[in-house]
1. Given labels modelled 7 Å from the Cα in the Cβ direction, how far is it in nm from GLU153 to SER48?
2. Which order do peptides 20-27, 161-168, 126-133 fall in by mean Cβ count within 10 Å, highest first?
3. Only counting other Cβ atoms within 10 Å, I'd like ASP151, ASP70, ASP169, ASP102 sorted with the fewest neighbours first.
4. Under the Kirkwood approximation for Rh and a Cα-based Rg, what ratio Rg/Rh is obtained for region 110-190?
5. List every residue whose amide H lies under 5 Å from the amide H of LEU100, counting only residues 5 or more places away in sequence or on a different chain, with H placed 1.01 Å from N in the peptide plane.
6. Order of ILE15, ILE37 from fewest to most other C-beta atoms within 10 Å?
7. Rule-of-thumb check for region 36-145: C-alpha Rg over 2.2 N^0.38 Å?
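Just so it is clear, none of the values below were taken in a lab; they were calculated from the coordinates. No experiment lies behind these values; they were computed from the predicted model shown. Don't worry about glycine lacking a Cβ; one is built from the backbone with ideal geometry, like all the others, and counts go over all protein chains shown.
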Amino acid sequence: MSGASSAGVRQRTEILISGFGGQGVVRMGQIIGLYAIRQGQRVTILKSHGTETRGGYVRSQIVISPDYVDSPVVENADVFVAFSAPAYRKFHELARGLTLFDPELVEGVDAEHQERHVAVPSTTLSKEHFANPIFANMIMLGALTRTARMDLEAMRQTMLEVIPRFHDDNSRALEIGYNLDCAADAVATADASLGSAMADATVAQGKR
């Protein structure tokens, strides 16, 4: 559980992203981490791979805090993004907040906490709009940006710095995810469960 100050402001936000290799899991983590740094936050990022030769997972753990990050390990994720069924099964119990998942790749989500699950059809939309699934991660990032009340334009600029090519398509994919009804509907749930340090930082930046 992340700590809180006496004023009730969340001092630690944990994001866990996992899926197969090649789905852009690590790249998503890099973009979110750099975004948070640009918002004046302290950030740690851990990436890891499963030991399985096939069908394993890739994981990115991002911890964000306005002050010192005491541990880089995600143990109670405010947001969990699942790009594969094995990743969901392995890590969903670490999610105390929202779980964003791709319904084309993840089935059988936890029935006891349906209200905290957001189905983001990122792979399907990537195929529909770009005839290629490779932009699914940016569609998912757009949905996460909306859900966690992060700044879209700041996220776009960060994304353009991290990703070396296909800037127009990646920008469009980010907007598609951000404008999804499921992301907009999840904002209230996110506000209740997150109290995100990133969202607090975005508000603070706007007041400067």
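1. 3.9
2. Numbers: 20-27: 18.5, 161-168: 11.9, 126-133: 15.1.
Descending packing order for the listed peptides: 20-27, 126-133, 161-168.
3. Values: ASP151 20, ASP70 12, ASP169 17, ASP102 27.
So the residues, fewest neighbours to most, are ASP70, ASP169, ASP151, ASP102.
4. Values: Rg = 12.8 Å, Rh = 12.8 Å.
Ratio of gyration radius to Kirkwood radius: 1.00.
5. Close amide H contacts, sequence-distant or interchain: PHE80, VAL81, ALA82, VAL118.
6. Numbers: ILE15 26, ILE37 13.
Result, fewest neighbours first: ILE37, ILE15.
7. Numbers: Rg = 14.8 Å, N = 110, 2.2 N^0.38 = 13.1 Å.
This ratio for region 36-145 stands at 1.13.
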